[in-house]
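Enquirer: A single structure is presented below for examination.
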Amino acid sequence: MGRDREPEPDLFHAGPEGTDVFAPLAERMRPQDFADFVGQDEIVAPDRPLRRAIESDTLSSVILWGPPGSGKTTLARIIARHTKAEFVFFSAVTGGIPELRMLIKAAEQRRALHRQRTILFVDEIHRFNKTQQDAFLPHVERGTIILLGATTENPSFEVIAPLLSRSMVVVLQSLSDEAMGTIFDRAVADADRGLGRLKVELSPEARRRLIGFGNGDARALLTVLEFVATQTPAQPDGLVMIDEPALDAALLKKTLRYDRAGEEHYNLISAYIKSLRDSDPDGALYWLARMLEGGEDPKFIARRMVVFASEDIGNADPMALVLATAVVQAVEFVGLPEAQINLAQGTTYLATCRKDNASYMGLLEAVKDARAFGNLGVPNHLRNAVTSLMKDLGYGKGYRYVHEDPAAKTDQAHLPEPLRGKKYYRPKQQ
């Protein structure tokens with residue numbers, strides 16, 4: 001893909017006229033520029049910093065984080081069209097460190113001989129382990145490459161801290177039904193790249209169900225749309241009419257159980273958490289099994305366990321947070337299928353713990369007061385007198401050092417005057 005040799009036709013730089021007619025619909029309909037890129041206005045609207053950096057060709061290292069089908073690769077391809085830098089695609093799934101070294105060497109030569117920058121797009125960067133990610137660091141730091149990483153996983157867990165500190169993290173959201181509808185309608189109408197030549201028509205209910213099936217994933221939506229459209233027989237007049245019976249004939253009904261209207265993903269995790277909260281280990285194990293059998297990410301389940309341990313158990317059993325955190329580490333270290341055992345242990349422990357949400361509720365009350373009362377001043381006796389002027393102003397005056405108290409306890413006030421005597425933490429008496 002380098003510019004020092006005759007360029008070959010490729011989808012990364014091709015316009016609509018270069019679209020591969022044999023490519024899947026999702027690939028053919030991929031937006032070529034911002035005008036066609038829908039659903040991520042928070043980051044690519046004309047006035048947003050990322051958009052300005054792309055259009056002015058001043059992009060620095062970026063990590064694109066978002067769910068499948070949200071537009072990470074599409075955004076990378078739009079960047080490729082706008083930049084004067086050499087844009088190099090590298091997949092963490094199919095590529096390795098030896099290939100990366102070759103790309104870095106080419107980038108160094110390009111910079112030295114032609115004073116041209118290199119943007120290295122690393123798809124699924126989370127597939128690299130921590131040691132492999134270290135290989136990027138010196139080259140990002142020296143500016144040999146501008147790193148553009150894409151990941152479906154939380155960068156805080158999957159990307160090493162030094163690399164994160166040198167990159168801007170851009171969060172792409174799951175596409176809304178409105179954005180999915182726009183993508184859907186374009187694909188149906190477009191005669192050059194889409195299904196326009198097939199004369200496809202859909203009933204409102206079929207359209208709604210297919211958009212729901214996509215569940216915020218444009219790639220999944222266009223994949224199933226193409227399958228249904230090509231599997232539905234045309235009528236004598238050539239019209240391909242897709243209604244609910246046609247959907248049921250083309251797709252197994254159980255495939256649609258993740259319809260957004262049913263919100264199955266959220267329903268299952270909700271049922272799991274509520275079973276834990278109600279101290280029902282049997283119910284919790286069942287919903288855990290349902291999620292695992294449905295292909296849910298075990299790390300998502302484990303992270304929800306960590307939240308639950310503090311939100312619903314708290315100091316009624318401080319070991320709950322310790323064990324939940326250990327489950328996260330075990331899932332990361334062991335992986336499926338064995339990690340199911342760790343999840344089951346954590347589930348039954350959390351379900352049978354005593355429950356107390358006093359810490360969480362206390363925080364919510366304190367946040368409410370912090371917003372309602374504004375920036376209340378810190379009482380003088382709690383301030384630290386680090387200069388003589390501060391001491392003269394009374395900072396620290398009257399503060400009683402608890403370790404000098406025989407009972408190791410003082411009754412001095414720790415809240416601003418308007419909140420004096422307020423009780424936020426009210427643990428249950430168990």
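Nothing in this text is a laboratory measurement; each read-out follows from the coordinates by a stated rule. Everything quoted here is computed from the prediction, not taken from an experiment. When we count neighbours, we look across all protein chains shown, and the Cβ atoms used for this are built from the backbone with ideal geometry, even at glycine.
Enquirer: For a protection proxy built on the mean count of beta-carbon atoms within 10 angstrom, sort 99-112, 319-332, 206-219, 236-249 highest first, please.
Expert: 206-219, 319-332, 99-112, 236-249
Enquirer: Moving on to the next point. Give me Rg/Rg_expected for the chain, where Rg uses Cα atoms only and Rg_expected = 2.2 N^0.38 Å with N residues.
Expert: Details: Rg = 27.9 Å, N = 430, 2.2 N^0.38 = 22.0 Å.
Computed over Cα atoms of the chain, the ratio equals 1.26.
Enquirer: Continuing with the same structure: Highest GNM mean-square fluctuation, the chain, Cα pairs closer than 10 Å: which of Ser167, Ser388, Ser176?
Expert: With Cα springs under 10 Å in the chain, the top fluctuation among Ser167, Ser388, Ser176 is at Ser388.
Enquirer: Only Cα pairs under 8 Å and at least 6 apart count here; give the relative contact order of region 244-380 as a rounded whole percent.
Expert: Values: 124 pairs, mean separation 36.1, N = 137.
For region 244-380, the relative contact order is 26 percent.
Enquirer: While we're looking at this one, here's another question. Classify region 285-430 from the C-alpha gyration tensor, please: rounded if a/c falls under 1.5, else prolate or oblate depending on whether a/b exceeds b/c.
Expert: Verdict is prolate for region 285-430.
Enquirer: Label region 177-258 by shape, choosing from rounded, prolate and oblate, from the square roots a ≥ b ≥ c of the eigenvalues of the Cα gyration tensor; if a/c is under 1.5 it is rounded, and otherwise prolate applies when a/b is larger than b/c, oblate when it is not.
Expert: Taking the square roots of the gyration eigenvalues as a ≥ b ≥ c, region 177-258 is oblate.
Enquirer: Let me ask something else about it. Helix 319-334 sits at what angle to the longest principal axis of the chain, using alpha carbons and giving 0 to 90 degrees rounded to 10?
Expert: Between helix and principal axis, roughly 30 degrees.
Enquirer: Which of Lys368/Lys391; Lys368/Lys423; Lys274/Lys355; Lys274/Lys423; Lys72/Lys105 have a Cα-Cα distance over 23 Å?
Expert: Where the Cα-Cα span goes over 23 Å, the pairs concerned are Lys368/Lys391; Lys274/Lys423; Lys72/Lys105.
Enquirer: Shape of region 18-113 from its Cα gyration tensor (a ≥ b ≥ c, root eigenvalues): rounded if a/c is under 1.5, otherwise prolate when a/b > b/c, or oblate? Show your work: numbers first, answer last.
Expert: Details: a/c = 1.81, a/b = 1.27, b/c = 1.43.
It comes out oblate by the Cα gyration axes.
Enquirer: Calculate the dipole size of the chain relative to its Cα centre from +1 charges on Lys and Arg beta carbons and -1 charges on Asp and Glu beta carbons; express the result in debye to the nearest 20.
Expert: Working: 53 positive and 58 negative charges, 321 e Å.
The dipole magnitude comes to about 1540 debye.
Enquirer: Under 12 Å Cα-Cα from Lys84, which aspartates and glutamates qualify once same-chain neighbours fewer than 8 residues away are excluded?
Expert: Leaving aside aspartates and glutamates fewer than 8 places away in the same chain, those within reach of Lys84 are Glu55, Asp57.
Enquirer: Compute the angle between helix 264-277 and the longest alpha-carbon principal axis of the chain, please, reported from 0 to 90 degrees and rounded to the nearest 10.
Expert: 20 degrees
Enquirer: Let me ask you something else. For helix 339-352, what angle does its Cα long axis make with the longest principal axis of the chain, in degrees from 0 to 90 and rounded to 10?
Expert: That works out to roughly 40 degrees.
Enquirer: Under a Cβ-only charge scheme (Lys and Arg +1, Asp and Glu -1), can you give me the dipole magnitude of region 352-430 about the Cα centre, in debye to the nearest 20? Could the numbers behind the result be given before it?
Expert: Details: 14 positive and 8 negative charges, 68 e Å.
So the magnitude is around 320 debye.
Enquirer: Using the Cα centre of region 264-352 as origin and beta-carbon charges of +1 (Lys, Arg) and -1 (Asp, Glu), tell me which of Ser310, Ile341, Thr352 is placed farthest towards the positive end of the dipole.
Expert: Comparing the listed Cα positions along the dipole, Ser310 ranks first.
Enquirer: Sequence neighbours fewer than 8 away in the same chain don't count; with that in mind, list the aspartates and glutamates whose C-alpha is under 13 Å from Lys428.
Expert: Asp312, Asp317, Asp356
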